[in-house]
Amino acid sequence: MKTFSDAIEFANRHPVCFLATIDGDRPRVRGLRMWRADESGFYFASPERKNVIRQIEVNPNVEVCFYRHGNVCSDAVMLRVAGRVRFVSEQLPVHRGDGLRRAGPVIFKIIAGEARIWKSSDGLSGERTLLFDINDAAAAPDTDRFLSFTEDEYSYHLDTRNILYCTSSGKHSIIHTETRDYEVTRMLKNIKEMLPHQYFMRIQKRYVVNLAHVDRVEYLAGGRYIAYLNDGDDTVLPVGRNYVMPLKEKIARRVPFVP
């Protein structure tokens, strides 16, 4: 398994798993059956507000383990997914055939984190890490929505709607998302070529920005321009003079991401 799609397929084939949460300063683990997995995350459902739900509300960081034993020990495969949970629905009333109403299930999904895949046939050094970051909305069918690539022992599957901007750092690039930063051994121009051109634009030699997250462009004394992002942190990025007018024009007619 090398891609996020491989991890999804494995989880769906082996949905019985073990979910670990934190209760205060103590770990809690329980066996359960995953509801489903797709490009929008790993989904779970609880028929009622059990302790697991209350623990996730306090600390949304969890880890879940899927396992396939195989016919012999060398066939064993383990998928561990550690990440942050987001609730999809609270206990909404569900109508029954007798006219009464009861609380529906609480549905939550893992949307960002790491998936570690291990095969016993590869020994102790066979673990592979897949980093993923998925937007909260349901997955769209177009593959351009995701930035997926592999470097050495790491694979990346990033929802482009979560990417705020990208910067260059020598021969490396840093992809800044809403949840964390990813440093990759690819040049910024290569990263830009992989991103949907209608949503991303170079605004300076070292910066590529997601147009959906640009709030405004302002002029500063000394002939400098800056762009303010609407990311909640008041992030400010430099804008090259040659990019100011094209950036303003694209902001004025930008196309929103389709969920």
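A search for C-beta distances below 9 Å between a residue of the range 225-239 that is closer than 17 Å to Thr179 by Cα and any residue that is acidic (Asp, Glu) and not in a strand (DSSP E or B), counting only pairs 6+ apart in sequence or on different chains, returns Asp231/Glu178; Gly232/Glu178.
Could you go through the range 193-201 and let me know if any residue there is of a type in the set (D, E, K, R) and under 24 Å from Gly232 (Cα atoms). Reasoning before the result, please.
Step one: of the range 193-201, the residues of a type in the set (D, E, K, R) are 193.
Filter once more, so that each one left must be under 24 Å from Gly232 (Cα atoms): none.
Checked against the condition, which is being of a type in the set (D, E, K, R) and under 24 Å from Gly232 (Cα atoms), the range 193-201 yields no hits at all.
Yes/no per residue for (1) of a type in the set (D, E, K, R); (2) over 18 Å from Glu39 (Cα atoms); (3) touching a strand residue (DSSP E or B) at 6+ places or on another chain (Cβ under 8 Å):
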residue	(1), (2), (3)
Arg145	yes, no, yes
Tyr156	no, no, yes
His197	no, yes, no
Ile203	no, yes, yes
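Pro238 versus (1) over 24 Å from Ser148 (Cα atoms); (2) touching an Asp or Glu at 6+ places or on another chain (Cβ under 9 Å): which is the lone unmet condition? Checking Pro238 against (1) over 24 Å from Ser148 (Cα atoms); (2) touching an Asp or Glu at 6+ places or on another chain (Cβ under 9 Å), the one that fails is (2).
Among the residues that make up the range 20-27, is at least one of them in contact with a Cys (Cβ under 7 Å, 6 or more places away or on another chain), assigned to a strand (DSSP E or B) and modelled with pLDDT of 90 or more? No, that holds for no residue.
Looking only at the range 22-41, residues that are free of Cβ contacts under 8 Å to residues at least 60 places away in the same chain and within 19 Å of the chain's Cα centre (by Cα) come to 3 in all. Scanning the range 1-42 for residues that are within 19 Å of Val58 (Cα to Cα) and either surrounded by 15 or more Cβ atoms within 10 Å (Cβ to Cβ) or among the aliphatic types (A, V, I, L, M) (or both) yields Leu19, Ala20, Thr21, Ile22, Val29.
Is it the case that Arg180 is among the basic types (Lys, Arg) and more than 15 Å from Thr160 (Cα to Cα)?
no
From the residues in the range 177-217 that are among the acidic types (Asp, Glu) and surrounded by 12 or more Cβ atoms within 10 Å (Cβ to Cβ), which one is nearest to the chain's Cα centre (by Cα)? In this case the residue turns out to be Glu178. Note on the range 43-74: among residues that are touching a residue at least 40 places away in the same chain (Cβ under 8 Å) and acidic (Asp, Glu), the one that is surrounded by the fewest Cβ atoms within 10 Å (Cβ to Cβ) is Glu48.
The values are calculated or read from the model by the stated rules, or taken from the named source; none is laboratory data. Predicted, not measured: the structure shown is a model, and the values here were computed from it. Cβ sites come from the backbone with ideal geometry, for glycine too, and all protein chains shown count toward neighbours.
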